[in-house]
Amino acid sequence: MFDIAVAGAGPAGAVAALTAARAGAHVLLIDEPTYRRVDVGETLPPLAGPVLRALGLNALLESDLPRLDTVQSVWTETQTNERSSLFNARGAGWRLNRRRFARGFAEELSSAGVTIWENSALLDIEATRSQWLLHLRISNAPQEVRALGVIDATGRSAKVARKLGVTRVRRDRLVGALLEHPGIEIAENMLCVEAASYGWWYTVATRSGSRVFGLLTDDDILRALDARAALSWWRLLDDTAAIARMAAPALRHKPVIVPAGGSRLSQFVGPRWIAAGDAAIAFDPLSSQGVTTALMTGYRAAVSLLRELDGQPSGREEYTNFLLRIDADYQAERIRHYRANPRFVTEPFWSRRQTDSLA
Ligand SMILES: Cc1cc2nc3c(=O)[nH]c(=O)nc-3n(C[C@H](O)[C@H](O)[C@H](O)COP(=O)(O)OP(=O)(O)OC[C@H]3O[C@@H](n4cnc5c(N)ncnc54)[C@H](O)[C@@H]3O)c2cc1C
């Protein structure tokens, strides 16, 4: 039996498991590597630096993350501007290589004594009197395991919370139509963002020679544009001012569609369980804050759950307030950012983003 079982080994789950193990808990980390069909090309804002340092993960920062030199943006005007970050202008950030990041975490986790079960999916969860019974599938075989507390770090699927009947509130229906494609040689460490009447585009380097090109729009607009199809998606990309210049001539494949909207759980924490990262709250990628928030909430979730298992459930309210503050700040910033663009306010994509909305 484990003190804490963490479901999901993304940034939130890895930090939660590490924090609990460093505090002396017997921790199990379960992960079903649902490899994304495309590298979304995450970038980290400057705030990620102090967060990683505070978590004692300096090594990850120093050796594993390439710096992001510039953000080129065609946002409020039709010409290109250069700045150092997207939502804020407090210096440069980093380009995240998820595989290298995960490898760096794996070393930290094993030296902290975390038991890691890879290729294991959490299928269901049952509360017994003072424990959880977790139903897993490990390499196609069913298995059960017990733990005193559970952390849901399963990303947007929020598997634990959903199994416990917690609902998810959606802020929008944003999706990404993404494609990894050869990029032009310059601009390895440059993120480029461009507004369009129907949404916005970004491109950033992923692995060597490749960039991800992403169209972000609402699912109904994507359908109306027929932009799941290669021909329409490339026609829209060809019409952009700055993004199109970053794509090298090569065979034109069709994009992969991923959910990208803002959403959060209606309840972040309950008796002996807690949600962290995207499972608790997910953001519009324009904010570039998903990974940093996953790291912070992973840490806070572990501390709160450990306190509860130690007989102090007061941490639940504190954690809820912490997440509600993040949500309020994010929402204000998101509206400010979309409102700052006067070019398309009457277009459906932009007019939907002029006020707060929770569906
Ligand atoms: C298009 C796009 C662009 C983005 N750009 C940025 C950016 O520039 N900067 C940024 O900070 N963020 C960005 N994000 C957001 C960022 O990817 C997420 O916020 C971040 O990955 C959240 O981390 P997490 O640990 O909460 O969840 P995840 O990284 O999703 O990890 C969840 C883990 O749980 C595992 N899992 C799921 N279900 C189960 C199960 N049943 N059993 C066991 N394991 C399970 C998954 O396999 C995965 O390993 C972007 C997102 C998108 C869609």
**OP:** Give the distance, in whole Å, between the Cα centre of segment 264-278 and the Cα centre of segment 282-302.
**Re:** 13
Original post:
For segment 1-56, what class follows from the C-alpha gyration tensor (a ≥ b ≥ c being the square roots of its eigenvalues): rounded when a/c is under 1.5, otherwise prolate if a/b is larger than b/c, else oblate?
Top reply: oblate
Original post:
Normalized C-alpha radius of gyration of segment 169-319, against 2.2 N^0.38 Å?
Top reply: 1.31
Original post:
Using the alpha-carbon atoms, what tilt in degrees (0 to 90, nearest 10) does helix 290-309 show relative to the longest principal axis of the chain?
Top reply: 10
Subject >> Under 5 Å, built H, 5+ apart or other chain: amide partners of L29 >> reply: V6, T115, I116, W117
Original post:
Among M1, M296, M190, what's the order by accessible area (1.4 angstrom probe), most exposed first?
Top reply: M1, M296, M190
**OP:** Over segment 189-257, calculate the relative contact order: mean separation of alpha carbon pairs under 8 Å at least 6 apart, over the residue count, as a percent.
**Re:** 27
Original post:
So, counting K/R as plus one and D/E as minus one, what does the shell of residues with Cβ under 11 Å around P313 add up to?
Top reply: -1
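Can you tell me the FRET efficiency between L309 and R352 if r is taken as the Cβ-Cβ distance and R0 is 51 Å, rounded to the nearest 0.05? Can you show the working numbers first?
On the way: r = 43 Å, r/R0 = 0.83.
Efficiency at R0 = 51 Å is approximately 0.75.
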Subject >> Förster radius 56 Å - calculated FRET efficiency between T76 and N119, Cβ distance, rounded to 0.05 >> reply: 0.75
Original post:
So between S210 and A23, what do we pick up on full extension, going 0.36 nm a residue minus the alpha carbon distance?
Top reply: 63.3 nm
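Mind putting a number on the dipole of the chain about its Cα centre? Charges go on the C-beta only, +1 for Lys and Arg and -1 for Asp and Glu, and I need it in Debye to the nearest 20. Don't skip to the end; give the middle numbers.
On the way: 43 positive and 39 negative charges, 68 e Å.
That gives the chain a dipole magnitude of about 320 debye.
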Subject >> Over the chain, relative contact order from alpha-carbon pairs under 8 Å, at least 6 apart, % >> reply: 22
Original post:
Ignoring ligands, DNA and RNA, what percent of the 1.4 Å accessible area of segment 83-230 is carbon and sulfur?
Top reply: 47
**OP:** Kindly report the accessible area of segment 200-359 per residue (heavy atoms of protein chains, probe 1.4 Å, no ligands, DNA or RNA), in Å².
**Re:** 42
Subject >> Accessible heavy-atom area order of E126, E42, E144, E185, highest first, probe of 1.4 Å >> reply: E185, E144, E126, E42
Subject >> Listed residue (L28, A9, G165) projecting farthest to the positive dipole end of the chain, Cβ model >> reply: G165
Original post:
Using the beta-carbon distance between K163 and K254 and R0 = 35 Å, what value does 1/(1 + (r/R0)^6) give for FRET efficiency, to the nearest 0.05?
Top reply: 0.55
Original post:
Please identify the trypsin sites (Lys or Arg not before Pro) of segment 201-305 that satisfy two criteria: DSSP loop assignment and at most 14 other Cβ atoms within 10 Å. Which are they?
Top reply: R207, R252
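Share of segment 306-359's accessible area from carbon and sulfur, percent, 1.4 Å?
Looking at segment 306-359 in its full context, I get 52 percent from C and S.
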**OP:** Pairs of Cα atoms under 8 Å, at least six residues apart: use those to get the relative contact order of segment 1-55, whole percent.
**Re:** 34
**OP:** Could you work out how far apart the two model spin labels at R223 and T320 are, taking each label as a point 7 Å from the Cα in the direction of the beta carbon, and quote it in nm?
**Re:** 3.6
Original post:
Roughly how many Å² of T240 are accessible to a 1.4 Å probe, to the nearest 10?
Top reply: 20
Original post:
Rounded, prolate or oblate: which fits segment 142-220, taking a ≥ b ≥ c as square roots of the Cα gyration tensor eigenvalues, rounded meaning a/c under 1.5, else prolate when a/b beats b/c?
Top reply: oblate
Subject >> D238-R129 pseudo-label distance in nm [points 7 Å out on the Cα-to-Cβ vector] >> reply: 7.1
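The values are calculated or read from the model by the stated rules, or taken from the named source; none is laboratory data. The shown structure was predicted, so the numbers you read here are calculated from the model rather than taken from an experiment. Note that each Cβ is placed from the backbone with ideal geometry, even for glycine, and that neighbours are counted across all protein chains shown. What goes into the accessible areas is simple: the full protein's heavy atoms, side chains included, and nothing from ligands, DNA or RNA. Shrake-Rupley method; radii C 1.70, N 1.55, O 1.52, S 1.80 Å.
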